[in-house]
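To start, the structure itself, in structure tokens.
The values are calculated or read from the model by the stated rules, or taken from the named source; none is laboratory data. Computed from a prediction, not measured in an experiment: that's the story for all the values here. As a convention, Cβ positions derive from the backbone with ideal geometry for all residues, glycine included, and neighbour counts pool all protein chains shown.
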Amino acid sequence: MSGETDLTQLLKTMQPVLRQGEYVFCTLPNATHCPPHLDPVGYFKEDEGLTLMLPKPQADTAGLSYSAVFALITLTVHSSLEAVGFMAAIATHLASHGISVNPVSAFYHDHLFVPARDAERAIALLQSLSDPTCSESPA
């Protein structure tokens, strides 16, 4: 199954779920592999080092520094990696309400890291995008 590509359908059926816990972004300069004692929800290799997306308690235990604490929201619709405008609509909607978002797209779902203090408000705003009677919906 390749996932949904229709923007209207994606927004209508995204069903955001707030995951438990707090998450942080950490970096391991000059690293190319994740240490075996860490279990990130995601990572990305950059020229400057390895960026890890970790549960906050794991980063704290490992003594890793971070600059902000995030909540993790999963959009449970199976979105296609080739869908056009989905992340743009979400990021624009959240930004218009002063909420930053760091999206990560995986094979089945899109995941949003939002500031922990804004998690509940972000969920409500995402649900408003799914509501066809909501006047703010771009679809």
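Test Leu94 against the criterion of being within 15 Å of the chain's Cα centre (by Cα) and not assigned by TED's automatic domain parsing to the domain that holds Thr5, and give yes or no. So Leu94 does not fit the description; no.
Note on region 90-99: residues that are surrounded by 15 or more Cβ atoms within 10 Å (Cβ to Cβ) and either touching a helix residue (DSSP H, G or I) at 6+ places or on another chain (Cβ under 8 Å) or assigned to a loop (DSSP other than H, G, I, E, B) (or both) total 4. Restricting attention to region 1-8, does a residue exist that is of a type in the set (A, V, I, L, M, F, W, C) and in contact with a strand residue (DSSP E or B) (Cβ under 9 Å, 6 or more places away or on another chain)? No, that holds for no residue. Strands (runs of 3 or more DSSP E) fully within region 8-81 that include at least 2 residues being free of Cβ contacts under 8 Å to residues at least 60 places away in the same chain and farther than 30 Å from Ala124 by Cα: 23-29, 42-46, 49-55.
To keep it simple, each residue is scored yes or no on (1) assigned by TED's automatic domain parsing to the domain that holds Leu126; (2) among the β-branched types (Val, Ile, Thr); (3) farther than 18 Å from His111 by Cβ.
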site	(1), (2), (3)
Ser2	yes, no, yes
Pro29	no, no, yes
Thr51	no, yes, no
Lys56	no, no, no
Ala62	no, no, yes
Thr74	yes, yes, no
Val77	yes, yes, no
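Quick one: in region 31-49, of everything that is under 20 Å from Phe107 (Cβ atoms) and not basic (Lys, Arg), which residue is surrounded by the fewest Cβ atoms within 10 Å (Cβ to Cβ)? The extreme case among them is Asp39. Take the conditions in a strand (DSSP E or B) and within 15 Å of Val114 (Cβ to Cβ) and apply them to Met87. Does it pass? Against the criterion (in a strand (DSSP E or B) and within 15 Å of Val114 (Cβ to Cβ)), Met87 does not qualify. Summed over region 69-98, residues that are within 24 Å of Thr51 (Cα to Cα), of a type in the set (Val, Ile, Thr) and out of contact with any His (no Cβ under 9 Å at 6 or more places or on another chain) total 2.
Leu81 satisfies every condition listed in (1) closer than 21 Å to Gln20 by Cβ; (2) among the hydrophobic types (A, V, I, L, M, F, W, C); (3) in contact with a strand residue (DSSP E or B) (Cβ under 9 Å, 6 or more places away or on another chain); (4) in the same structural domain as Leu10 (by TED's automatic domain parsing) except (1).
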